[in-house]
1. Hey, ASP75 hits all of (1) surrounded by 13 or more Cβ atoms within 10 Å (Cβ to Cβ); (2) more than 11 Å from the chain's Cα centre (by Cα); (3) of a type outside the set (Phe, Trp, Tyr); (4) modelled with pLDDT of 95 or more but one; which does it fall short on?
2. So ARG17 passes all but one of these: (1) within 16 Å of ASP68 (Cβ to Cβ); (2) touching a strand residue (DSSP E or B) at 6+ places or on another chain (Cβ under 8 Å); (3) at pLDDT 95 or above. Which condition number does it fail?
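The values are calculated or read from the model by the stated rules, or taken from the named source; none is laboratory data. Note that the structure is a prediction, hence the values are computed from the model and not measured. Virtual Cβ from ideal backbone geometry, glycine too; neighbours counted across all protein chains shown.
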Amino acid sequence: MSDNLIMNGNELLKRLRKIAKQRRLHLQFVRERGKGSHGTLYLGDRYTVMKDRKKEIGPGLLRKMLADLGLDKSDID
């Protein structure tokens, strides 16, 4: 994955579902645990805040979200 990769929330969720299945982790997006269009995304015992799943996630925010979930950008390649 290059540093300038931009994806939306739905694309990220799709890749995280694959990781969760491979690692046998629970993945859940809880819309009620956020403000406005944001929600909380849980992967195993870790979580991060995700904005509207239809909007793009920039590279900096993506790195931060992956760090929150204990993942690296190479995990979602």
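1. That leaves (4) as the condition not met.
2. (1)
Let's see how each residue does on (1) surrounded by 13 or more Cβ atoms within 10 Å (Cβ to Cβ); (2) in contact (Cβ under 8 Å) with a residue 24 or more places away in the chain; (3) among the basic types (Lys, Arg); (4) touching a Phe, Trp or Tyr at 6+ places or on another chain (Cβ under 6 Å):
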| site | (1), (2), (3), (4) |
| --- | --- |
| LEU12 | yes, yes, no, no |
| ARG15 | yes, yes, yes, no |
| ILE19 | yes, yes, no, no |
| HIS26 | no, no, no, no |
| ARG31 | no, no, yes, no |
| LEU41 | yes, yes, no, yes |
| ARG46 | yes, yes, yes, no |
| LYS51 | yes, yes, yes, no |
